[in-house]
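Peer 1: First the structure, which I've put down as structure tokens, then a few questions once you've had a look.
The values are calculated or read from the model by the stated rules, or taken from the named source; none is laboratory data. Every value quoted in this text rests on a predicted model; they were computed, and no experiment measured them. Cβ sites come from the backbone with ideal geometry, for glycine too, and all protein chains shown count toward neighbours.
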Amino acid sequence: MSLNLEDRKKIGSALVVGGGIGGMQAALDLAESGIKVYMVDNKSSIGGVMSQLDKTFPTNDCAMCTMAPRLVEIGRHKDIEKITLSEVESITGQPGNFTVKIKKQPRYVDEEKCTGCGACVSNCPTRNTVQLQEREVITLEPQYEETVINILQKHKDRKGPLMPILQDVNEVYNYFPEKILKYISQETGYPLTHINRIATFYSAFSLKPIGKHVINVCMGTACYVRGAELLLEKFVDVLGVGIDETTEDMLFTLKSVRCIGCCGLAPVATIGDDVYGKLQSKDIPDIIAKYQKKEQ
Amino acid sequence: MVEKRRIELMLCAGTGCVAGGAFQIIEGLEKEIAARGLEKEVSVVQTGCNGFCGQGPLMVVIPDNIFYGWLTLDDIPHLVEEHFLKGRPIEKLMFTPPEEKEVLPMLSDIPFFKKQLLVVLRNKGIIDPEKIDDYIARDGYVAIEKVLTSMSPDEVIEEVKISGLRGRGGAGFPTGVKWKIASQQKKTPKYLIANCDEGDPGAYMDRSLIESDPHAVIEGMFIAGYAIGSSEAFIYMRTEYQLAVDRMKTAISQAREYGLLGKDILGSGFDFDIEIREGSGAFVCGEETSLIHSIEGDIPEPRQRPPFPAQEGLWGCPTVINNVETLANVPVIITRGADWYSGIGTETSKGTKIFSLVGKINNTGLIEVPMGINLRDVIYDIGGGIPDGKEFKAVQTGGPSGGCIPADLLDAPIDFESLQKAGSMMGSGGMIVMDEDTCVVDVSKFFIQFTNDESCGKCVACRDGSEALLEVLTRITNGEGREGDVEFLEELGETIKDASMCGLGQTLPNPVLSTLRYFRDEYEAHIKEKRCPALVCRNLIQYYIDPDKCIGCLKCLKNCPANAILGELKYVHIIDQDKCTKCGQCLEECPPKVSAVIKVTGNDMDDLKQLSEIIPVPKKKKKKKTE
Amino acid sequence: MPKLTIEELRKKRESSKKSIYLREGKFRGKVTVHMGTCGIAAGAREIMNTFLDEFDNKDIIDIMLTSSGCAGLCSEEPMVTVEMEDSAPVKYGKLTPDKTKKIFNDHIITGNIVEEFVLGIGSERVG
């Protein structure tokens, strides 16, 4: 593939006709490559037929799961302009330079003229009143406040501060209390949805409180071929909890982890900072008991 | 005053050895040395990963160059007294190759080390990674001197181009070309990112490199920054690699103290600094566009290329992303010259490559070998062959993006092209050896499970494709495989390859496709005969106690977690197949002399002699003699 | 801020080289102090210490100083063997710190064997 910029100069913009699943993907791909996209659909919203389906052929995939991320993505993409309730009237020109005439249906509020004054909301006589939410101001309990403010302060001037902030918070609390996330959103200006997506994307983050000792059973290839699965089963058996669950006494959280890079000691599990190499399932009950004893 | 000692003990303090108790050993040694008044003569040096992780905790005694492995605290007093005081090395702690009797005292005699060629890891085990002076003494930061005093950025790029250095992260893109593209961009500022988000299971080259020689990476980053005109750099590291992160932090602050990072470096007027960013456990972040998003604080999902990061990357600016191993090659290329460097390796793949050699192999560890060496040398000479006299089956290279290479391709050279031709890839350098007891279908399932977990979910082909692959593979390993499944896997695999956006999706079917290519019969055995030839897939095997061999010792019976074994002392034990969970505990418990517990699969299960009631153990005396 | 110039970096490199010289494994010669139980009883530790001090004072780094087990001539302890590049090993016996210093100065520094303390030149035949 040529890397010469001249060859791939972006010209003008692209028009995607139809906002179904195919159109949405095309629009996204185009926009991601840096091309301005206009998207025309004759309905009042994009989504097409797929939005009416439960499952799709041949894999029985849930239709909404395929669509929803794209809907969201298109909704907030700065390079995609949606022209709904509209139809293409004519196309003239040739490849590389088309002129398209689009007929846009009238709608209830003229977007062009609306100033967002809210008068229609307050005067609306029907029961479908638009509810504008008051933004609540979040204040943290004193015991959280100082730590979190310090963390925010520390990363204030950084470029792309969100990850370091979340990592530091995670370091202190081991999980993300909901209120703290809301507070971070309020202070940094990142939308809560964005923070939530990040907080749930990485495996090191959790929205639920986790146990004092995190047990990580390595499921790297070297450990796997040396029987790590049996170890995991034994842990499940001994602790009485499943993977990614925490014991009732909040002592242990069981996790399986991708390679921790101690392949020479396979199979390996770590409990907190302690590494147990060449672990055998018969040793597990004693190891767990050791930690339980420490707590008494 | 230069500190001088008669003996230096180079203690490996890489993650593997630390997990094995290296820090306790160091403490014990220091105490014992002090107790005998030898502290003026003997010093303990913490080095980075020595590479021979299977022997850890380990040390090398300088100047005799004697290698001691599997150290324990109990060995220390004897060791200090005999070797360091009286000068009599201890044979018991030396390395003995498996299946041989003769010990090999010297590090240089051990085949594991003999066949290696250290370029990137030239300082491993020789320097203390937490001391910048050690690195400087080994001609460290000479390359910085050279580029600042006598080379223009273009000359640096040209030198790297001539050297033939290709990216060590997996795809093998020529490094010089990447730098050239970034240097030609008009937009500023430019950024440099060192990629140390090493996520392949079974691979830990990057971690060891940073643990043993962090300054080599810093120096390489500096030169890359100088070449492309970037003053701001990031190193993106896995947060799971805490020791490596800590060593990098130390190294960066030492370099800053010496003015080798910061403003106006060595009076040249060039500024350069490095910031560490940690990932939080998402495999896809190793993909360059995801990595950029992660640093920006965005959702770490890949995006469409072009534009390539070298054109538009971090915050829309030209960004070069290099693997840390690639960067560690750069100082050597600059100091010793591109011609010297391109003399190592093959026509298209120059230099050396670090591999982590793991799995069913005698010498587990980290190795650096010249490109073009064949797999046989790596597995049998360096790796010491397969343990317990088992048969070699395949080697998996390139992690979840790579494939399996079967025994008949063992003589193929290791370079970018020939691995690709074999249906695998160089990848970041994990090399997982499998023996006859490894089921390829099961391993493929494992990799797909991994990529399925780690797929970010942005594009359908990867997200749903991996799901469908996993479903079929699970079905096959459960003994519910259907006619046509193999063809379906192939077709689906090719589709995922074509339709995915980033490297993760484009390569995820490789483990399945390559095993289908070389071990199709094993898939068919699972599907058609409901047989797992490697005796791994639980639903296809049975544990069985041979009534002619069982001595009725109760060992397996007592340890069976499912209470599935019936029997009494001196009566032949029987496994109740309805209760058996196939955990394999009985096989482990059965004394090796007896070995009455066996695994069977497929038709063999029907041929077994089934006992209807518990019978006494047959009289053994005569039988033993005739056997 | 203590910033280095290129000159200073080079100087630093030269001095650091000495501190890790041992690990490079390039030696011009080797001095072995025999430290079996008999040797230690006869005062081998003192001889070792004298060597260490002398090496330090003269800043010698390219000669390996090591210990070994009993040499089999317990009556002559403390003993040392001096092997310099390109010449046969020389064994000295019944040493004292003063004798050691003389051996150090004459043999190791200037290369003249100290005939009066010599036990033997050359090593036992091996195998």
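Peer 1: Return the residues of the range A:212-243 that are aliphatic (A, V, I, L, M), in a helix (DSSP H, G or I) and more than 8 Å from every other protein chain (Cβ to nearest Cβ); say none if nothing qualifies.
Peer 2: A:Ala228, A:Leu231, A:Leu232, A:Val236, A:Val238, A:Leu239
Peer 1: Let me ask another. Hey, can you tell me all the residues within the range B:146-162 that are more than 14 Å from chain C (Cβ to nearest Cβ), more than 12 Å from B:Ile223 (Cβ to Cβ) and out of contact with any Gly (no Cβ under 7 Å at 6 or more places or on another chain)?
Peer 2: Hits for the range B:146-162 are B:Ser152, B:Asp154, B:Glu158, B:Ile162.
Peer 1: Sticking with this structure for a sec: Can you tell me which residue in the range B:587-606 is nearest to B:Asn539 (Cα to Cα), limited to those that are at pLDDT below 85 and within 14 Å of chain A (Cβ to nearest Cβ)?
Peer 2: By that ranking, first place goes to B:Glu588.
Peer 1: So, C:Phe104, is that one under 13 Å from the mean Cα position of the chain (by Cα), on the phi < 0 side of the Ramachandran plot and within 12 Å of another protein chain (Cβ to nearest Cβ) or not?
Peer 2: no
Peer 1: Let me ask another. Pull up the range C:50-70, narrow it to residues that are in contact with a helix residue (DSSP H, G or I) (Cβ under 8 Å, 6 or more places away or on another chain) and more than 8 Å from chain B (Cβ to nearest Cβ), then point me to the one that is nearest to B:Ile90 (Cα to Cα).
Peer 2: By that ranking, first place goes to C:Cys70.
Peer 1: Would you confirm, using the coordinates I've provided, whether B:Val395 is in a strand (DSSP E or B) and within 18 Å of B:Ser212 (Cβ to Cβ)?
Peer 2: no
Peer 1: Being in contact with a Gly (Cβ under 7 Å, 6 or more places away or on another chain) and assigned to a helix (DSSP H, G or I) narrows it down to one of B:Arg517, B:Arg531, so name that one.
Peer 2: Being in contact with a Gly (Cβ under 7 Å, 6 or more places away or on another chain) and assigned to a helix (DSSP H, G or I) holds for just one of B:Arg517, B:Arg531, which is B:Arg517.
Peer 1: Of all helices (runs of 4 or more DSSP H) completely enclosed by the range B:277-345, which ones contain at least 3 residues that are more than 21 Å from B:Gly170 (Cα to Cα)?
Peer 2: B:324-336, B:338-342
Peer 1: Follow-up question, since we're still on this one. Looking only at the range A:166-211, how many residues end up being in a helix (DSSP H, G or I) and away from chain B (no Cβ under 11 Å)?
Peer 2: Looking only at that region, the number is 14.
Peer 1: Just the residues that are loosely packed, with under 14 Cβ neighbours inside 10 Å and either under 13 Å from A:Ile21 (Cβ atoms) or in contact with a Leu (Cβ under 8 Å, 6 or more places away or on another chain) (or both), please, taken from the range A:32-56.
Peer 2: Selection gives A:Ser44, A:Val49, A:Gln52.
Peer 1: For B:Pro174, work out the one condition from (1) touching a strand residue (DSSP E or B) at 6+ places or on another chain (Cβ under 6 Å); (2) in contact (Cβ under 8 Å) with a residue 24 or more places away in the chain it doesn't fulfil.
Peer 2: (2) is the only condition that B:Pro174 fails.
Peer 1: Here's a follow-up. For the range B:299-324, give me each residue that is at the interface with chain A (Cβ under 7 Å from one of its Cβ atoms) and buried (at least 24 other Cβ atoms within 10 Å of the Cβ).
Peer 2: B:Pro300
Peer 1: Let me ask another. For B:Leu260, indicate whether it is in a helix (DSSP H, G or I) and either in contact with a helix residue (DSSP H, G or I) (Cβ under 8 Å, 6 or more places away or on another chain) or not charged (D, E, K, R) (or both).
Peer 2: Answer is no for this residue.
Peer 1: With respect to B:Thr515, determine if the residue is modelled with pLDDT of 90 or more and either more than 26 Å from the chain's Cα centre (by Cα) or of a type in the set (S, T, N, Q) (or both).
Peer 2: It is true that B:Thr515 is modelled with pLDDT of 90 or more and either more than 26 Å from the chain's Cα centre (by Cα) or of a type in the set (S, T, N, Q) (or both).
Peer 1: Could you check the range A:43-97 and list, in sequence order, the residues that are over 25 Å from B:Cys456 (Cα atoms), hydroxyl-bearing (Ser, Thr, Tyr) and free of Cβ contacts under 8 Å to residues at least 12 places away in the same chain?
Peer 2: Of everything in the range A:43-97, those that are over 25 Å from B:Cys456 (Cα atoms), hydroxyl-bearing (Ser, Thr, Tyr) and free of Cβ contacts under 8 Å to residues at least 12 places away in the same chain turn out to be A:Ser90, A:Thr92.
Peer 1: Do you know which of the residues in the range C:1-48 that are touching a strand residue (DSSP E or B) at 6+ places or on another chain (Cβ under 7 Å) and of a type in the set (Val, Ile, Thr) is farthest from the other protein chains (Cβ to nearest Cβ)?
Peer 2: C:Ile47
Peer 1: Filter the range C:15-49 down to the residues that are among the β-branched types (Val, Ile, Thr) and in contact with a helix residue (DSSP H, G or I) (Cβ under 6 Å, 6 or more places away or on another chain), then identify the one that is surrounded by the fewest Cβ atoms within 10 Å (Cβ to Cβ).
Peer 2: The residue in question is C:Ile20.
Peer 1: All but one of (1) in contact with a strand residue (DSSP E or B) (Cβ under 6 Å, 6 or more places away or on another chain); (2) over 19 Å from B:Leu85 (Cα atoms) hold for C:Lys99; which doesn't?
Peer 2: Against the list (1) in contact with a strand residue (DSSP E or B) (Cβ under 6 Å, 6 or more places away or on another chain); (2) over 19 Å from B:Leu85 (Cα atoms), C:Lys99 comes up short only on (1).
Peer 1: I'd like the residue in the range B:471-511 that is basic (Lys, Arg) and free of Cβ contacts under 8 Å to residues at least 24 places away in the same chain and, out of all such residues, is farthest from B:Lys528 (Cα to Cα).
Peer 2: Checking each candidate, the answer is B:Lys497.
Peer 1: Given the conditions (1) surrounded by fewer than 23 Cβ atoms within 10 Å (Cβ to Cβ); (2) within 14 Å of chain C (Cβ to nearest Cβ); (3) under 27 Å from B:Tyr241 (Cβ atoms), and given that B:Ala171 satisfies all but one, which numbered condition is not satisfied?
Peer 2: (2)
Peer 1: Right, another one. Within the range B:611-627, track down each residue that is assigned to a loop (DSSP other than H, G, I, E, B) and modelled with pLDDT of 75 or more.
Peer 2: Scanning the range B:611-627 gives B:Ile615, B:Val617.
Peer 1: Does the range B:78-93 hold any residues that are away from chain C (no Cβ under 14 Å) and crowded, with 17+ Cβ neighbours inside 10 Å, and which are they?
Peer 2: Of everything in the range B:78-93, just one residue is away from chain C (no Cβ under 14 Å) and crowded, with 17+ Cβ neighbours inside 10 Å, namely B:Leu93.
Peer 1: Okay, moving on. Specify the residue that is surrounded by the most Cβ atoms within 10 Å (Cβ to Cβ); the eligible residues are those in the range B:367-390 that are out of contact with any strand residue (DSSP E or B) (no Cβ under 6 Å at 6 or more places or on another chain) and farther than 29 Å from B:Leu508 by Cβ.
Peer 2: B:Gly384
Each row is one residue, and each column tells you yes or no for (1) over 27 Å from A:Gln167 (Cβ atoms); (2) touching a helix residue (DSSP H, G or I) at 6+ places or on another chain (Cβ under 9 Å); (3) within 12 Å of chain A (Cβ to nearest Cβ); (4) not β-branched (Val, Ile, Thr).
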{"residue": "B:Gly176", "(1), (2), (3), (4)": "yes, yes, no, yes"}
{"residue": "B:Gly220", "(1), (2), (3), (4)": "no, yes, no, yes"}
{"residue": "B:Ile228", "(1), (2), (3), (4)": "yes, yes, no, no"}
{"residue": "B:Ala233", "(1), (2), (3), (4)": "no, yes, no, yes"}
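Peer 1: Could I ask something else about it? Can you name every one of the helices (runs of 4 or more DSSP H) wholly within the range B:1-108 that holds 1 or more residues which are of a type outside the set (Val, Ile, Thr) and modelled with pLDDT under 85?
Peer 2: Passing ranges, in order: B:15-19.
Peer 1: Given the condition among the polar types (S, T, N, Q) and modelled with pLDDT of 85 or more, answer yes or no: does some residue in the range A:134-144 qualify?
Peer 2: No, the range A:134-144 has no match at all.
Peer 1: For the range B:114-145, give me each residue that is more than 7 Å from chain C (Cβ to nearest Cβ), part of a helix (DSSP H, G or I) and under 15 Å from B:Gln254 (Cβ atoms).
Peer 2: Listed by number, the residues that qualify are B:Ile132, B:Tyr135, B:Ile144.
Peer 1: Can you give me the ranges of the helices (runs of 4 or more DSSP H) entirely in the range C:32-127 with at least 2 residues that are free of Cβ contacts under 8 Å to residues at least 24 places away in the same chain?
Peer 2: C:44-58, C:97-103
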